[in-house]
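Reading through the structure tokens given below for one structure.
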Amino acid sequence: VSALRRGKHVLLIGPPGTGKTALAKAVAEAMGVEPYICTANSAWTRYDFIGGPVIGEGGRMMWKSGHLLEALSRHLEGGCMLIVEELNRAEADKVLAEFFTMFSSNKPEEWVFPYSLVEEITSYDYEKDRAARTLLTQLPQLGKRPGGYAIPSDFRVIATVNSFDRTYLFTLGFALQRRFAVVEINPPEAEEEVTAVAEQLGVSKDNEVLRRALQLVESVRRTTDRPIGTATLVDIASLALEMVEQGLSVEEAIDLAASIALPSQLEGLPRDVLERLASQLQDAYRRTAEAVRNLYRYVPE
């Protein structure tokens, strides 16, 4: 919040399931603005984030605003924060394009909506694009700056990055990173975590299923040195609670639930780590151990 108030955008980085997006939404709501959420992917282009022409009725070229312009227009209309999930799944340095021009410094009084982008929008039929109409109507009222119109000084972007994906996702360039305050989000301490999960699931924090699920997740974290997200604990405990109600023992339920929810969080780990984990799980959690072995069968020795 301090970074946002001082003119910084914020980058939340951490493993899946640690609540990065939930935190971003909570911050937006606490600051009294609407969260506008989009999810990046490897197919994103400048068109998706900024905007560009599309073919309309009768073959006419029409303007379609991307996520940044849509969020900015909503901010002008009543307050909005752009939340970009999994930013490093996109080739951000190319996709964001005008973002670097618009937010060229950490001083909001220097932010500018470039005339070149205004000219591009107005070169197409933009009347049916609500965001474009709002921007072209309201931005001039904020005044001019060198190269364009002023951008509201309280507009902010929060982006999230999945730290598990570093091995195969695009790397965020320095020009982008310096415009963001980087905040690392990891799972909380055990007692804080179990209290939060118990509240979410509507059970006592001393519930046997929840405690056993937490012990399993903590064991996996220690063995793999990977901070498995709290959402995985929620999934395992929730599934196991349902299975216990259907007649399974606590041990059977935890094992079956973990074999379903845990493997997706272990991809990319070295074979020796997976083998060690499977061996440790074998006696108490046979199904989960087998699910782990199914992963390392495809990892080169």
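Thr288 meets each of the listed conditions (1) of a type in the set (S, T, N, Q); (2) more than 19 Å from Asp235 (Cα to Cα); (3) within 30 Å of the chain's Cα centre (by Cα) apart from (2). Could you check region 268-301 and list, in sequence order, the residues that are touching a residue at least 60 places away in the same chain (Cβ under 8 Å) and either part of a loop (DSSP other than H, G, I, E, B) or out of contact with any helix residue (DSSP H, G or I) (no Cβ under 8 Å at 6 or more places or on another chain) (or both)? Listed by number, the residues that qualify are Gly268, Tyr285. Applying the selection to region 130-158, what residues are surrounded by 15 or more Cβ atoms within 10 Å (Cβ to Cβ), within 20 Å of Lys107 (Cβ to Cβ) and either of a type in the set (A, V, I, L, M) or touching a residue at least 60 places away in the same chain (Cβ under 8 Å) (or both)? Listed by number, the residues that qualify are Leu139, Ala150, Ile151, Pro152, Phe155, Arg156, Val157, Ile158. The lone criterion from (1) over 19 Å from Pro152 (Cα atoms); (2) charged (D, E, K, R); (3) touching a helix residue (DSSP H, G or I) at 6+ places or on another chain (Cβ under 8 Å) left unmet by Glu91 is number (3). The test for being touching a helix residue (DSSP H, G or I) at 6+ places or on another chain (Cβ under 6 Å), open to solvent by 40 Å² or more (accessible area, probe 1.4 Å) and either of a type outside the set (Lys, Arg) or more than 23 Å from Ile13 (Cα to Cα) (or both) holds for Leu239.
Scanning region 4-43 for residues that are of a type in the set (A, V, I, L, M, F, W, C), open to solvent by less than 60 Å² (accessible area, probe 1.4 Å) and under 15 Å from the mean Cα position of the chain (by Cα) yields Val10, Leu11, Leu12, Ile13, Ala24, Ala26, Val27, Ala28, Cys38, Ala40.
Taken over region 113-129, residues that are surrounded by fewer than 19 Cβ atoms within 10 Å (Cβ to Cβ), in contact with a Lys or Arg (Cβ under 8 Å, 6 or more places away or on another chain) and in contact (Cβ under 8 Å) with a residue 24 or more places away in the chain amount to 1.
The values are calculated or read from the model by the stated rules, or taken from the named source; none is laboratory data. What you see is a predicted model; the values in this text were computed from it and never measured. So basically every Cβ, Gly included, is an ideal-geometry build from the backbone, and we count neighbours across all protein chains shown. Ligands, DNA and RNA are stripped out before the accessible areas are found, and what is left, the full protein with its side chains, is counted by its heavy atoms. Shrake-Rupley method; radii C 1.70, N 1.55, O 1.52, S 1.80 Å.
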